[in-house]
1. Can you give me the long-range amide H partners of LYS789? Hydrogens built in the peptide plane at 1.01 Å from N, cutoff under 5 Å, separation of 5 or more residues or another chain.
2. How do the peptides 874-881, 12-19, 245-252 rank, highest first, by the average count of neighbouring beta carbon atoms within 10 Å per residue?
3. I'd like to check one number: the per residue accessible area of the stretch 15-97, probe 1.4 Å, reported in Å² as a whole number.
4. Under 20 Å between alpha carbons, and skipping anything fewer than 8 positions from LYS789 in its own chain: which lysines qualify?
5. Measuring from centroid to centroid over Cα atoms, what is the spacing of the stretch 837-893 and the stretch 188-259 in Å?
6. Could you pull out every residue, at least 5 positions away or on a different chain, whose amide H is within less than 5 Å of the one on MET319? Hs are placed 1.01 Å off N in the peptide plane, and Pro or chain starts have none.
7. Give LYS308/LYS857; LYS264/LYS665; LYS792/LYS857; LYS665/LYS827; LYS166/LYS316 a once-over and call out the pairs whose C-alpha atoms are over 28 Å from each other.
8. Could you report the stretch 782-893's accessible area per residue, 1.4 Å probe, as an integer in Å²?
Amino acid sequence: MSIAQTAPISGRLSLRAPQREALEILDRVCQLVQFEKDTDVAQALERIKAEFPSVEDFEREFPSLCFALATGVGKTRLMGAFIAYLYQAEGIRHFFVLAPNLTIYNKLVADFTPNTPKYVFQGLADFAINPPEIITGDNYESGRGIRKGALFATDEVHVNIFNISKINSEVRGGKAPRIKRLSEYIGESYFEYLSKLDDLVLLMDESHRYRASAGVRAINELRPILGLELTATPQVERGAHAEPFKNVIYSYPLSAALNDGFVKEPAVATRENFDARNYNEDGLERLKLEDGIRIHEESKVQLQVFAKNNQQKTVKPFMLVVAQHTEHANALVRTVEGDDFFEGRYKGRVITVHSAQTGEEKDETVQQLLTVEDPANPVQIVVHVNMLKEGWDVTNLYTIVPLRAANSRTLVEQSIGRGLRLPYGKRTGTPAVDRLTIVSHDRFQEIIDEANRADSIIRTGVVIGRDIPDHRSQVIEVRPEIENRILGGPYGPDGEWQPSLFENPREQEAAEATLQVIRDFERLPRSVDLRTPEVQQQIVERVALAVRPAQADLPGMAEPVDIPRVVAQTVDLHIELSIDIPRIVVTPKGEVTCRYNDFDLDVNSINYPPVDAQILIQHLHDHVQYRLMSGDGVVEEDRLEDYLVRGLIDFDDISYDDHADLLYKLAGQVVRRLQSYMSDPEQVKNVLQYHAQALVNLIHAQMQEHYEEIAAGYEAHVSKGFDTLRVNAYSIPAGERVCSFRTPVDDRLYIRSMLFGGFKKCLYPGQKFDSDAERRFAVVLENDGEVLKWFKPGRGVFRIHYHHDAEAYEPDFVVETEAAKYLCEPKRASEMTDGDVQAKAEAAATWCRHATEHEGKHGGKPWSYLLIPHDAIADNKTVRGLAAAFTCQPQTS
């Protein structure tokens, strides 16, 4: 394929990997076939089929290809990339885009319009000055889609966007659609004009919704040179039977999108020790609704915590309830809005969507649905009866309560499609932010069993009361002590309120501004450098500009603020109430070699049985892309190991040339494992074909533990000498009081929901602990006379990378004593030798060596990393004593 043709578009549009692959396939197809008005359709099919055997038939009178991309991956952006490519590489200027309904039609019109948030051509220079002309079902009769004389540029691109559902309604009774009717402006119908164009390309969004409709049969008469279909569901439903498309050239299923992290992770929830036999139908329904609310409220709190701790916009989640029929939906609304349902908290916060709605009621509901992401929209719960179809693209659906009878697979696949999009565009690593939860107590085991299928989109189960709190939570913001000293706030072991150091509100404002300005000076080697006269003068000048002018500053009306004094006092506070943590970036120098060391695969978990041959063929039909296939439609390889090796080399971090011997060794170990419990070679081949992706993922995951990066050497760069503490947000049970950190807690799970206070040396008045060992270590720090200050760092304070594909490691504690600084990690004694724990310890110890070198150059203190077993932590211990026994030294230079 001509990467040179597609790479500029992929780069400028920031296409994801599956979008890039789809664009490259279109490029290859255009090399195979010259698309023209008189293209030999049969010959074009044979050429394409020879290279893409999944294309069995165009299913139309013109060449038409389907690109099946999972929901949330970006089909509209891909449509824009297709248009840009066909214009730039093939000179095609006329496009006809079909939408399945009014919602998607309006969305497409917006996304193809310049200066809108999701403009599909953003970044393309060709369309920056001369954007495509957008002709819609609402404005085509004005003649804007017709070129005449010099009124239009000869290289102008025209994108027509029409709603097929409207055309379907117009052709009822054998009538001609409005687009076919005579236009006085052009002397012929617009349809006739389009059908005569020699470069018209038809793009069909969500084509499975209208593939066999009368409107599409009419549209086919446009005789386009090429059709491009985009859908997440490449099949047509005919009653209980589904007919797969025969023209799928590229498939990127939801299972792949889950593996690649492009969508939320679906999980099914139940209660601990739940037994459906203990409930009647009404009681079970009520319990599922109530538990859905509990999950919804917990999601709301966790989203607020994440947003505050990561300086992101706050996402307002909502809950979706799937009803059986219209009467059932209305009854559910009455229940949820009732005074006896969580004290009536959801009255006026529920809407219902079903086909019986008409007129103003329907319009109002649609408007509320379209704005459900807006924090100003009060709706928190949507009850629907099979009415939420494609085009309702929300990112804030976090809880689904299905109350409609369905088998497990249908329940899963039909219910969650609207909730998979991620609010921040990618996964965050925070489970509550990245998870979509389906409440299904009565179907829990059935769906979990379904989840064990290799191609299942449900990956995990969560239990209310264990994984999700069985209580209402609240968000608590804990300011660092320096902010409490400036603004006034709780201070000291008893949490008494301490007034601000600055009595004058204008002085408080200047002190706050000073803290903000200090962030721009974090590049200094140490925070004490803020005291130098030159730096102080720069800060004073910046603060003077930032502090708002006031009437009181007029001569004779009030004493002006002494900004230099306020700046000096605030800088002193900053130095006193923070610990300098340098921002260290370690980079390799010289030649860098990456490799996987030899090892033996752990195959004990592999016990896959063979599957029915018809299921196997269907599975491969859905997933195959470029594979040579035998006559029966099943992928064939000469060696059994190749079923796995071909998948392994698709990973970006695996080079076939460098790792071939190891890949075939590991694949061979999997083959021998299968042969150990299946004597029939055909059964072994069957499992390798059907479960190839799951087996490939297993091998790749174990390879990560043996990855090594070798460089001639490493050098550390310090980009910041210190960091300014920020506000931390936590969730705790509603009504819960701050607990004394000296109070023992036996419940290992419950301690994580508690907020502790009463500290004298902590740089925050409140902290959370993940275990009682952490709480006891805080007692040690508070008791130790040599400890000056300590805190638990929040996300983003450190950039300690311990594995090439892992998130940065954040140590549990940062401690400063009179003579040294420490990163401290209390750990369960049984986990001390764990591979991950040791990898983090090595990385943290190396960080401490670099930090010590930096501090040594600037008169600072040495750093050490302590990995402390939980059973070594006791009230009579000191940091010096623990350091003597548990300091980790880096093994590498």
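1. Residues meeting the amide H criterion: GLU816.
2. Put in order of decreasing packing, that is 245-252, 12-19, 874-881.
3. So the stretch 15-97 comes to 34 Å² accessible per residue, rounded to a whole number.
4. Cα-Cα hits under 20 Å: LYS760, LYS761, LYS768, LYS821, LYS861, LYS877.
5. 62
6. HN-HN under 5 Å from MET319: ILE381, VAL382.
7. Exceeds cut-off: LYS308/LYS857; LYS264/LYS665; LYS665/LYS827; LYS166/LYS316.
8. Roughly 46 Å² per residue, with all protein chains present.
The values are calculated or read from the model by the stated rules, or taken from the named source; none is laboratory data. Everything numeric here is computed off the predicted structure, so don't read it as measured data. Here the Cβ is made from the backbone with ideal geometry for all residues, glycine too, and neighbour counts use every protein chain on show. Side chains included, ligands, DNA and RNA excluded: accessible areas come from the protein's heavy atoms. Shrake-Rupley method; radii C 1.70, N 1.55, O 1.52, S 1.80 Å.
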